[in-house]
Structures are given as structure tokens and as C-alpha cells.
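All remarks here apply to the structure that follows.
The values are calculated or read from the model by the stated rules, or taken from the named source; none is laboratory data. Just so you know, these numbers come straight off a predicted model, no measurement behind them. When we count neighbours, we look across all protein chains shown, and the Cβ atoms used for this are built from the backbone with ideal geometry, even at glycine.
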Amino acid sequence: MNPASGDNASPAKTPAHVVTKRAVTGWVMYDLANTIFAMGVTSLFFPFYVRDLYGAERADTVFTVITAISMGLIFIASPILGAMTDRAPKRMPFLVASTLICILLTTTLGRFGFLLSAICYILANIAYQAGTQFYDALLPEVSNESNRGRIGGIGVGIGYLGSYIAVGASLYFGTGDKPFLFVLTALLFLLFSLPCILFVKERGNPNPRPIDFEMMRKSTRETINALKDSSRFPGLGRFLIGRVFYTDPINTVLTVMSLFTVNVAISSGLDKEAGEKKAQLILMFAITLAIMGGFFWGWLTDKIGPKKTLNMVLCLWIGNFILGFSIGVFKLPIMAMYVLAGVAGFALGGVWSADRPYMLRLTPPDRIGEFYGLYGMVGRFSAITGPGIWAASTWFFIRQMKMDPLVGQGISMLFLLAMMIVGFVILQKVDDKPRDWESLGRA
């Protein structure tokens, strides 16, 4: 598959590809739709649901363990799913199926007891993560090499409006009736995903192949060989290893931000209900900066390249984890959380705006689905290890050492800081120059 949207892609086999404004709009709207789920379910309502049942002392551990189980399963499935989409006639059916499964399971949360809700959450999150992988692989269908950063950045920026919708719903309806909020989130996810499903028209796979057990076995072997063969795929292995380390702390922050913010608010003298409301307002502020960041970093990626852009973003994250440590350990006032959340939001928009185009620079056109499976795989691996490390460290400091929950969370920020620094260092030897895949293939 040709990653550009021009007309040089095998004219005998595929029609000239024309990117319409409607297709770009549809693709961008899906980012908004799945962000409603990410913010509404994974960052707000389900953590609060767990906190209601288990209290502040156990909420971090229980929720992050559930998340790690979910991410572990999608970690195993990601490369196979990517290889399947490379061989299938089109990717869109995979996106539709994963979206509908996620929506259906989300409507069941909080209705049938904690165990069943936890299982449904795990499966819904798997479907959401798979859908994100299929969605990312559709970026070449709505962009070309010259505007990929900008369009990806628009997706990130507009996508964060979904967070406004999710947080706004919780502020309007309150957080007491969580089953209702889960259903509302599912319906909003469905509504805003429809433009992508209806308007993004794929060129289709000019060389579809059978999807069977032999394909899965061969795909696994090819994936391992791709990681080993640095001459054919220069920089790929190192980039993916670095991505494990820098997405690890970011995924963890997204998972525990609301719990951390509630503890800061309570430490500042607010009660639990007022603390949850304050957490939502701070998240709204972070979302505002994330929207601005998505547009800014997308523009900057096209201007100076994905590597330089991502380096700047990761430096912001390093400074922010130092601030997070200080807020927790020294119990800084609630206003410090606005700074932390604002920088995190602005930097978060930069991560996805820069590293998706970065990955495409390292990916041959005919293996986008498979290699985006790897890209998603390392992100999911980090979503296992990060929450796992957070769960273990907060359990040790809060439950075993009897520290205040906020102080234990603050010390745990140091682990996230260390991983971010390691990821930054690893990436420095990976260049982002466009590859000549034809020459590399002959070599």
C-alpha cells in the first residue's frame, strides 16, 4: 500500500486515490469518538467506580491490575491483528467490529456486580485498543507525506474534544449513577464514530491473501525477523524499544491521574465529592491544553520533523514528572495540579502528533498493518508494565510503609521519571529520514 495519497500506487491494480475533505473529517471524528471512551470510562468513571468499592488505599492497586490484565491480552494479539488487516481486502470491517464490541460491553459496566464488570471492562478495553490500532493504520488513506503530521495533529486536537464531552457529561449529571454514565459514554462513542465508518473510503488491498493459522504462524516469524533485521528496517527496533519506555509512564499517568488529583484535592481540605469535582475541572483544563498541543505539535512535526518534535515533547514530560513528585511528597496546594495537568495535556497532544508520523517513516508501505501492530504492541506492553509498577510501588509505600496515599503516589512518580529518561536516551540514535524501501528491499 502506498502511504501517500497521490496517484502513483500501481495504477493497473488500484484506482487513483483522492483524499476528500469528508474522509479527513470522518477520520478525525473517530479520534473524538474513541477519546470519549478513553476519558469517560478508563480515566474517570471506572476508576471512580473502583474507588467507591475499595477506598483510596486499595483503588490504585485494584484498578491498575485490571488494566494490566487487559493490556496484556491485547499485547499478545496486536501483531496478529495487524497482519490480518494487511492480508484482508480492507481494514474498515475490523474497525467497525472492534468499535461495536467495545460499545456493547461498555453498556454492561456497573450493572452485574464487580467481578463481571471487571471482566467486561477488560474486554471492552481490548476492543478499544484494537480499534485504535486499526484506526492508526488508516492514516495513509487520508494524508500524504507532506501533510501527515498536520492531519494527525488535527486528529489529536479534535479528538480531545471528546474528553470535553466525557468530563462535561460527568459534571452535568454527577458521578453518582455510574451505570447510566457508562451507557451514555457508549452511545456517544457510537454517534461520533459513524462519520469515519461512512466517509473514509479505502483503496483496498491490491493483493489480499488468506487469513488462516498458517498466516498467523508466518506473521509471527516475520515480525521477529523484522525486529532482528536492522539493515532492512533501519531504526525500527530501537524506536520500538524507546517507545516502550516513554509510553510506559504516559500510559500510567493517564490511568491514575484522576485518583492522584482527588488525593491532592482532599489533601487541600476538600471532601471526597468536592475532590472528584475538582479532579474533573482540572482534567478539563488539561484537555484544553491537549487540544492546543495537538494542533501546535502537528504543525511543528511537518515543519522540523517528527524526531526533533518528539524530543521536545519528552523533555516536557521529564520536567512534569519532577513536578508530580514534588506535589505528592511535599503536598503542594491544588493550584500546582493545574500546572501539572496543563503541561501533561499539552505534551500529550505532542506525543501522538509526532510518533505516528515517526513510525510511518520507519515502515514499508506494504506492511503498515503489521508494523502498526508492533507499534501498538509496545504501547500495550508499556500499559502492562507501567500500571504494574505503579500498583506495586503504591502498594508498598501506602499499604506496607503506611504512608499517606498522596505521598506514596508522589514517590512512585520517580519510577515514571526514570523510564521517561531511558526512553529519551534510546531514541537519540534513531533518525527520521524517509527510507528508500525499493533499494532496501533489493539489498
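In segment 42-65, the residues that are closer than 9 Å to L259 by Cβ reach residues that are not hydrophobic (A, V, I, L, M, F, W, C) with C-beta atoms within less than 6 angstrom, at least six apart or across chains, in these pairs: P47/S258; F48/T175; A56/P405; A59/R51; D60/T394; F63/P47. Scanning segment 315-361 for residues that are under 11 Å from G410 (Cβ atoms) and of a type in the set (K, R) returns a single hit, K331.
The number of residues in segment 392-443 being among the polar types (S, T, N, Q) and buried (at least 19 other Cβ atoms within 10 Å of the Cβ) comes to 4.
Each row is one residue, and each column tells you yes or no for (1) more than 22 Å from K278 (Cα to Cα); (2) without any contact (Cβ under 8 Å) to a residue 60 or more places away in the chain.
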| residue | (1), (2) |
| --- | --- |
| S326 | no, no |
| L340 | no, yes |
| F346 | no, yes |
| G350 | yes, yes |
| D355 | yes, no |
| R361 | yes, no |
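So C120 ticks every box in (1) touching a residue at least 24 places away in the same chain (Cβ under 8 Å); (2) in contact with a helix residue (DSSP H, G or I) (Cβ under 6 Å, 6 or more places away or on another chain); (3) more than 30 Å from K21 (Cβ to Cβ) but one. Which box is left unticked? All conditions are met except number (1).
Between A38, A33, A23, the distinction of being in contact (Cβ under 8 Å) with a residue 40 or more places away in the chain and closer than 17 Å to L109 by Cα belongs to A38 only.
Is one or more of the residues making up segment 62-81 out of contact with any Cys (no Cβ under 9 Å at 6 or more places or on another chain), of a type in the set (F, W, Y) and modelled with pLDDT under 85? Checked against the condition, which is being out of contact with any Cys (no Cβ under 9 Å at 6 or more places or on another chain), of a type in the set (F, W, Y) and modelled with pLDDT under 85, segment 62-81 yields at least one hit. Residues in segment 107-153 that are β-branched (V, I, T) and farther than 20 Å from F37 by Cβ: 2 in all. Restricting the first member to segment 306-321 and to residues that are part of a helix (DSSP H, G or I), and the second to residues that are basic (K, R), the beta-carbon pairs closer than 7 Å and six or more apart or on different chains are P306/R361. Residue count for segment 83-107 under the criterion of being assigned to a helix (DSSP H, G or I), over 22 Å from T185 (Cα atoms) and touching a Ser or Thr at 6+ places or on another chain (Cβ under 6 Å): the result is 1.
Of all residues in segment 371-415, those satisfying the criterion of being touching a Ser or Thr at 6+ places or on another chain (Cβ under 8 Å), closer than 22 Å to L240 by Cα and β-branched (V, I, T) are V378, I389. Counting only residues that are small (G, A, S), in contact (Cβ under 8 Å) with a residue 24 or more places away in the chain and part of a helix (DSSP H, G or I), segment 413-443 holds 2 of them. Considering only residues in segment 209-247 that are assigned to a loop (DSSP other than H, G, I, E, B) and buried (at least 16 other Cβ atoms within 10 Å of the Cβ), the one that is modelled with the lowest pLDDT turns out to be I211. Restricting attention to segment 254-276, the residues that are farther than 23 Å from L32 by Cα and in a helix (DSSP H, G or I) add up to 14.
This table checks each residue for (1) under 27 Å from G345 (Cα atoms); (2) crowded, with 24+ Cβ neighbours inside 10 Å; (3) of a type in the set (G, A, S).
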{"residue": "G26", "(1), (2), (3)": "yes, no, yes"}
{"residue": "T35", "(1), (2), (3)": "yes, yes, no"}
{"residue": "T67", "(1), (2), (3)": "yes, yes, no"}
{"residue": "I80", "(1), (2), (3)": "no, no, no"}
{"residue": "R91", "(1), (2), (3)": "no, yes, no"}
